[in-house]
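These notes are about the structure you will find just below.
The values are calculated or read from the model by the stated rules, or taken from the named source; none is laboratory data. Small disclaimer: the values here were computed from a predicted structure and weren't measured. Using ideal geometry, Cβ is built from the backbone for each residue, glycine included, and neighbour counts are taken over all protein chains shown. Ligands, DNA and RNA are stripped out before the accessible areas are found, and what is left, the full protein with its side chains, is counted by its heavy atoms. Shrake-Rupley method; radii C 1.70, N 1.55, O 1.52, S 1.80 Å.
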Amino acid sequence: MLDQVDWVTVWQATLDTLQMVGISTLFTVLLGLPLGVLLVITNRGHLWENQVIHKSLAVVVNVFRGVPFIVLILLLFPLSTFLIGTSLGPTAATIPLTVAAAPFFARMVETALLEVDRGTLEAAHAMGANRFTIIRKVLLAESMPAMISGITVTCVSLIGYSAFAGIVGGGGLGDVALRVGFQSFNNEMLLVCSFILVAIVQVVQWIGDAISRKVDHR
Amino acid sequence: MIPRQPVCMCKYTNKVPIPAELFVLVDERKVDLCLYTYPLSAIICRKGIFYFEIRKVNPLIHIEQVTKRYPAKQREQEVIALQEITLQIEKGDIFGIVGYSGAGKSTLLRILNGLEKPTSGSIHVNGKDIAVLSDGELRLLRQKIGMIFQHYHLLWSRTVRENVAFPLEIAGKAKHEIEQRTEELLRRVGLWERRDAYPSELSGGQKQRVGIARALANDPFLLLCDEATSALDPETTTSILQLVKEINQEMGITVALITHEMSVVDAICNKVAVMETGSIVELGEVQQVFRDPQHEVTKRFTEGLGGGHSA
């Protein structure tokens, strides 16, 4: 049982996947969070109403979300080559992953922020808070549970995306599952890689739910 | 001679705080006698030289000919929320604004702290013309105007104590000062034991007490109450109104409140404005308006209260 599994390869692939997902989740949040906040506050009647910025951002976000991920990766690999000199390996894969996931996360941030009670915002205005304080201490603080769920969902999606990215040169579990498992008729390898991916998703979801519950005082 | 207690007795036995500017006169200009004639003027004499002057004491809030229109949108017609409103609120008043929903009282209340900008007309608060204030100046003014809401609008991500700390953080107060002040305020509203609870763990009345503590944090001169008791049961309403009254009397904070319940006005207000479709239809001392209501709307409002005000 499982004697056809090359554990060294699996271990390396797992590390590659974790690296890809970890780095791209981090950059997705760093990029998507301000994007989501901007989308909300530039909307009509909000903190910093600006229809030009709002509409342009909405178009950019929709374009990136509309293009199928597998196509987006192929289109963006030249960008990796330009930025870090190579389009191969897990580090190179984080760039298309981030670009694909950031608009997705920005929409989740938008939904989370829109759930914050308008009355609470009015109360902060009435207290004489400036925009920056309202964004930081009301909008972001009050939407924290939804934000954590958003990060969890994004991270899980990135695990799925990372398998795609692996196939076109990023390495990781998806790549091993396809090349060593599926194409070489090594079903055990295919199953083990899939199992590890499922396990990672489970752990991420579990951690995300735990944090979300902890910050939710509604 | 001004009695050093910060209140004097006047008509209808309402206690009214003496304007601070009169104390300044006594201290700086060696005035011996000052007759403060509520509400608008003071007569000041100086010993020896028969000095005599009549000084107009400005009302705390002066609204003149304020109109607010919401421009027509694609499918909606233009809405006139306020129509040529003129009114004054004196220091120490508990000023009630009553009306059915849609009468414009909510807009009127928000005009007072600049949350709504009038289409035309002028608003002076504490001697300042709100229209000419910069954004920064307006924020500073708002820090000195407390506001409480029907649905409390507390931050549920913060504990009771952190909620009360929020306006102090906005005002840039030091940490130890915030700790001291929040304790003081929470003891005042009787919620010190619940300081580490989250709003979701509190009853409606307790939430409103947190709201009040928060509104008082930066020593406001004015407290705005937006239907503050409308979501509460009668018993809790009474205790919250009692608290507002105490705040008015002990701290000399002027109160402006809006409500659709005449019983609230009856309980704590000294003056009342009755509103209908954006206009003030009746305005005056509460006793007088209750004794002899002129307008149809006022009559409907006072009917429910029974005949307790005929004397």
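Quick notes
- Within the range B:87-109, the residues that satisfy the criterion of being within 19 Å of B:C269 (Cα to Cα) and either hydroxyl-bearing (S, T, Y) or assigned to a helix (DSSP H, G or I) (or both) are B:Y100, B:K105, B:S106, B:L108, B:L109.
- Among residues of the range B:112-144 being under 27 Å from A:E115 (Cα atoms), within 10 Å of chain A (Cβ to nearest Cβ) and touching a residue at least 40 places away in the same chain (Cβ under 8 Å), the one that is least open to solvent (accessible area, probe 1.4 Å) is B:N113.
- Taken together, the criteria exclude B:G211 from residues that are touching a Ser or Thr at 6+ places or on another chain (Cβ under 6 Å) and outside the structural domain of B:G92 (by TED's automatic domain parsing).
- Only one of A:T42, A:T28, A:T14, A:T81 that is more than 16 Å from the chain's Cα centre (by Cα) and in contact (Cβ under 8 Å) with a residue 24 or more places away in the chain: A:T14
- B:S122 meets each of the listed conditions (1) assigned to a helix (DSSP H, G or I); (2) touching a helix residue (DSSP H, G or I) at 6+ places or on another chain (Cβ under 7 Å); (3) in the same structural domain as B:G92 (by TED's automatic domain parsing) apart from (1).
- Scan of the range A:186-216 for residues that are acidic (D, E) and in a helix (DSSP H, G or I), ordered by number: A:E188, A:D209
- Yes/no for B:E177 being more than 8 Å from chain A (Cβ to nearest Cβ), free of Cβ contacts under 8 Å to residues at least 40 places away in the same chain and more than 17 Å from A:R218 (Cα to Cα): yes
- Restricted to the range A:185-203, and to residues there that are open to solvent by less than 80 Å² (accessible area, probe 1.4 Å) and within 23 Å of A:I70 (Cα to Cα), the residue that is nearest to the other protein chains (Cβ to nearest Cβ) is A:V201.
- Residues satisfying the stated conditions in the range B:230-248, i.e. under 17 Å from the mean Cα position of the chain (by Cα) and over 15 Å from B:Q150 (Cα atoms): B:Q242, B:L243, B:K245, B:E246, B:I247, B:N248
- Set B:E179, B:E201: member being open to solvent by 10 Å² or more (accessible area, probe 1.4 Å), out of contact with any Phe, Trp or Tyr (no Cβ under 8 Å at 6 or more places or on another chain) and over 20 Å from B:H151 (Cβ atoms): B:E179
- Each residue in the range A:105-125 was checked for being within 16 Å of A:G36 (Cα to Cα) and open to solvent by less than 30 Å² (accessible area, probe 1.4 Å), and 7 of them qualify.
- For beta carbons closer than 6 Å, sequence separation of 6+ or different chains, a first residue in the range B:193-204 that is more than 10 Å from every other protein chain (Cβ to nearest Cβ) and a second that is in a helix (DSSP H, G or I) and of a type outside the set (K, R), the qualifying pairs are B:R194/B:V160; B:R195/B:V160; B:R195/B:L186.
- B:E193 among the charged types (D, E, K, R), surrounded by fewer than 16 Cβ atoms within 10 Å (Cβ to Cβ) and out of contact with any Lys or Arg (no Cβ under 6 Å at 6 or more places or on another chain): yes
- The condition of being β-branched (V, I, T), surrounded by fewer than 16 Cβ atoms within 10 Å (Cβ to Cβ), touching a residue at least 12 places away in the same chain (Cβ under 8 Å) and more than 28 Å from B:A215 (Cβ to Cβ) holds for A:I70.
- Hey, B:A217 over 29 Å from B:L112 (Cα atoms), within 12 Å of chain A (Cβ to nearest Cβ) and in contact (Cβ under 8 Å) with a residue 12 or more places away in the chain or not: no
- Residue among A:G128, A:G169, A:G174 that alone is on the phi > 0 side of the Ramachandran plot, open to solvent by less than 20 Å² (accessible area, probe 1.4 Å) and either of a type outside the set (A, V, I, L, M, F, W, C) or within 11 Å of chain B (Cβ to nearest Cβ) (or both): A:G128
- A:E110 vs. criteria within 14 Å of another protein chain (Cβ to nearest Cβ), closer than 30 Å to B:G211 by Cβ, part of a helix (DSSP H, G or I) and not β-branched (V, I, T): no
- Single residue of the range B:151-169 satisfying the filter (open to solvent by 30 Å² or more (accessible area, probe 1.4 Å) and in a helix (DSSP H, G or I)) that is farthest from the other protein chains (Cβ to nearest Cβ): B:R161
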